[in-house]
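The values are calculated or read from the model by the stated rules, or taken from the named source; none is laboratory data. What you are looking at is a predicted structure, and each value in this text was computed from that prediction instead of being measured. Don't worry about glycine lacking a Cβ; one is built from the backbone with ideal geometry, like all the others, and counts go over all protein chains shown. In case anyone asks, the SASA skips ligands and DNA or RNA and just uses the protein heavy atoms, side chains included. Shrake-Rupley method; radii C 1.70, N 1.55, O 1.52, S 1.80 Å.
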Amino acid sequence: MEQIKGYFNGDYPFLESKFIKKSQFSGKKVLLRCDYNVPFFDNGEISDTSRIDKTLETINYLLSSDASIIICSHLGRPHGQVIPALSLKPISDYLSSIINRKVKFTGQIFGATTSETIASLEPGGVCMLENLRFDIGEETCNDNFSQKLAELSDVYVNDAFGTCHREHASLVGVTKYLPSFYGCLIKHEISTMSKILKSPKRPFVTAIGGSKVSDKFGIIKSFINITDVLIIGGGMAYTFMNALGYSVGDSICEKDKIEMAKTILTEAKEKNVKLLLPIDNKIGKEYAPDTECKVVDADKIPDGWQGLDIGPKTEKLYTEEIKNAKTFIWNGPMGVSEWKNFSSGTFEVARAAASPNIVSIVGGGDSAAAVKKLSLVDKMSHVSTGGGASLMFFEGKELPGVAAIMS
């Protein structure tokens, strides 16, 4: 089977000169882009710190080189508005506690306080800017915003794998004005996934979920070229089922993507890929967490009902296939996994993937959330910090945040 085509082509062609080295940062002010877009409890406490924790290797490496660090990130989607609930202050407080030194929080992106804070940084000092998305220039990759951000430091390091699929100022624009490098997390993410894609142990099983075929068409097409078994779940399964002539009731179904689904079914058959669709589904009377629900065969979803999860027979079919795998890659939930009544399919896939005999990669997003909720992260070979970025990577596409550094 041919390898996924694209920027990385199954390898990670990083030039060694673009990976951080201590000699490059001694006495320098380093602008470090992280992805601290983390979830919070209702009381304002961080509910999952893993994205922050995974940047410690790069932070400690830079500190050991006597650099001073200016950390920047986004949080949520304020779209250029200043929203206090999306301030990075709680994140700076948490980071202070785990690196055992004060992270000075500027409370703004640019301005007198930021300038004074950065000027006061000694080697080994750390500060954090306010949420970059409080300025619309971040998301629009505004050149003036990019240049002002670059002027805060001497050198730039990107360790925000989770946002490398975005063409934003702090990921792409700033690289035009500063010597630019990538950090330990990005190297680990891409090298791990690249090695497995290049020479997967077989049988190689892939599970793709999510609501829309149109969102996952690229990744499905890519994996048809390299996988042995392709498992389809989530809302997009009903488009495939409809393409086979099944009635799907009121389930989500992209009628204009029926031909796309048929193309995938045909290609899978031509390439001898075993493509699995649900054989039963857990359906609900309406789209609500506490709706009336029941299990029916996949070809018997009645009008007025909608599929919200795979059923128990499908769970058994899918998990047995996964347990027989040597390599398993998973991107996307099997149902509405954030609702207890419709989370079983997703959770069972996660449990099956936790076998010590499987090289398992979980591609961020809802799949990673399920793995974390079940405390199975340590059982997986790799859980990506980036849902959108890992999706783009698996499609074989160029990641703008990485390509900008490599250019």
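Once Lys and Arg get +1 and Asp and Glu get -1 on their Cβ, which of Leu62, Leu308, Cys141 lies farthest toward the positive end of the dipole of the chain? So the residue we want is Leu62. Specify whether the C-alpha gyration tensor of the chain places it in the rounded, prolate or oblate class, a ≥ b ≥ c being the square roots of the eigenvalues: rounded for a/c under 1.5, otherwise prolate if a/b is larger than b/c and oblate if not. Note, shape of the chain comes out prolate. Per-residue SASA remark: Tyr246, around 80 Å² accessible (1.4 Å probe; ligands, DNA and RNA not included). For region 362-402, the per residue solvent-accessible surface stands at 35 Å², with DNA, RNA and ligands left out and a 1.4 Å probe. Looking at the chain alone, DSSP beta bridges between its own residues are antiparallel in about 20 percent of cases. Cross-link check: pairs Lys262/Lys397; Lys54/Lys316; Lys104/Lys195; Lys28/Lys397 evaluated at a Cα-Cα cut-off of 31 Å; pairs beyond the cut-off: Lys54/Lys316; Lys104/Lys195; Lys28/Lys397. When the pairs Lys274/Lys313; Lys269/Lys372; Lys269/Lys373 are compared against a 24 Å limit on Cα-Cα distance, Lys269/Lys372; Lys269/Lys373 fall above it. Estimated from helical segments only, the mean residue ellipticity of the chain at 222 nm is -9500 deg cm²/dmol, where each DSSP H run of four or more residues counts as -39500 (n - 2.57).
Using unit Cβ charges (K, R positive; D, E negative) and no other charged atoms, how large, in debye to the nearest 20, is the dipole of region 35-74 about its Cα centre? Walk me through the numbers before you get to the answer.
Working: 2 positive and 7 negative charges, 23 e Å.
So the dipole magnitude of region 35-74 works out to roughly 120 debye.
What does the C-alpha gyration tensor say about the overall shape of region 197-354? Classify as rounded when a/c is under 1.5, otherwise prolate if a/b is larger than b/c, or oblate. Verdict is oblate for region 197-354. Rolling a 1.4 angstrom probe over the chain with all protein chains present gives an accessible area of which 48% lies on carbon and sulfur atoms. The shape of region 352-393 comes out oblate: with a ≥ b ≥ c from the C-alpha gyration tensor, a/c is at least 1.5 while a/b does not beat b/c. Note on Ser26 and Val295: their simple-model spin labels are 6.5 nm apart, each label 7 Å out from Cα toward Cβ. Think of the chain as a dipole: +1 on every Lys or Arg Cβ, -1 on every Asp or Glu Cβ, centred on the Cα centre; then among Cys72, Phe40, Pro356, Pro356 lies furthest on the positive end. Against the chain, whose longest principal axis is taken from its Cα atoms, helix 312-323 shows a tilt of about 60°.
Highest GNM mean-square fluctuation among Trp339, Trp330, Trp305, for the chain modelled with Cα contacts below 10 Å: Trp339. Computed with a 1.4 Å probe over protein heavy atoms only, the accessible area of Val157 comes to about 0 Å².
So for region 212-350: antiparallel DSSP bridges make up what percent, rounded to the nearest 5?
Details: 9 of 12 bridges.
Antiparallel: roughly 75 percent of the beta bridges in region 212-350.
Relative to the dominant Cα principal axis of the chain, helix 258-270 is inclined by about 80°.
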